[in-house]
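Visitor: Got a structure for you, written out below as structure tokens; questions coming shortly.
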Amino acid sequence: MTLTPPTRIEVIQTYGSFRYLKNHWVFFLPANGAVKLIFFIDFELQNMLLKTLLDAVIESAAQRMTEAFQKRAAHLYRSPGGDARRPMLINSENQ
């Protein structure tokens, strides 16, 4: 894992259940206080049975992971008055 504060996290794995796994998080921090996050993942499993099973659930798993990230960010970064900006999910289909 490589951390480049405050804008990038990069993970590369070449062992375990994966033939390879690469992902990165890129944070854009505009002056208006909003944050845009781009998450990218590319992987290949070594076991074809696991690959087949994962293909069936990957979209819902990615959605749950994104929602958990947004919920945690809202909790951590809410304003002192208790209000939190509603996070907006941006994906490749609506960019």
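Visitor: Looking only at the stretch 16-69, count every residue that is in contact with a helix residue (DSSP H, G or I) (Cβ under 7 Å, 6 or more places away or on another chain) and either in a strand (DSSP E or B) or under 26 Å from Pro5 (Cβ atoms) (or both) and tell me the total. So that I can check it myself, show each step before the final result.
Guide: Of all residues in the stretch 16-69, those in contact with a helix residue (DSSP H, G or I) (Cβ under 7 Å, 6 or more places away or on another chain) come to 17, 45.
After this cut, where a residue has to be either in a strand (DSSP E or B) or under 26 Å from Pro5 (Cβ atoms) (or both) as well, the list is 45.
Matching residues across the stretch 16-69 total 1.
Visitor: What tally of residues in the stretch 15-37 results from selecting those that are touching a strand residue (DSSP E or B) at 6+ places or on another chain (Cβ under 6 Å) and either without any contact (Cβ under 8 Å) to a residue 24 or more places away in the chain or of a type in the set (D, E, K, R) (or both)?
Guide: Counting residues in the stretch 15-37 that are touching a strand residue (DSSP E or B) at 6+ places or on another chain (Cβ under 6 Å) and either without any contact (Cβ under 8 Å) to a residue 24 or more places away in the chain or of a type in the set (D, E, K, R) (or both) gives 10.
Visitor: Considering only the stretch 1-15, how many residues are more than 21 Å from Gln63 (Cα to Cα) and either assigned to a strand (DSSP E or B) or of a type outside the set (Val, Ile, Thr) (or both)?
Guide: We begin by selecting, within the stretch 1-15, every residue more than 21 Å from Gln63 (Cα to Cα); these are 1-7, 12-15.
Still in the running and either assigned to a strand (DSSP E or B) or of a type outside the set (Val, Ile, Thr) (or both): 1-6, 12-13, 15.
Of the residues in that region, 9 qualify.
Visitor: A further question follows. I need the full set of residues from the stretch 29-45 which are surrounded by fewer than 13 Cβ atoms within 10 Å (Cβ to Cβ) and modelled with pLDDT of 85 or more, in order please.
Guide: Narrowing the stretch 29-45 to residues surrounded by fewer than 13 Cβ atoms within 10 Å (Cβ to Cβ): 29-34, 36, 40, 42, 44.
Answer for the stretch 29-45, where residues must be surrounded by fewer than 13 Cβ atoms within 10 Å (Cβ to Cβ) and modelled with pLDDT of 85 or more: Phe40, Asp42, Glu44.
Visitor: Under 6 Å between Cβ atoms, which residue pairs at least 6 apart in sequence (or on different chains) link something in the stretch 51-76 that is closer than 16 Å to Phe39 by Cα and of a type in the set (A, V, I, L, M) with a partner that is at pLDDT below 80 and not in a helix (DSSP H, G or I)?
Guide: none
The values are calculated or read from the model by the stated rules, or taken from the named source; none is laboratory data. Not measured: the values here are computed from a predicted model. Note that we place each Cβ from the backbone using ideal geometry, even for glycine, and neighbour counts take in every protein chain shown.
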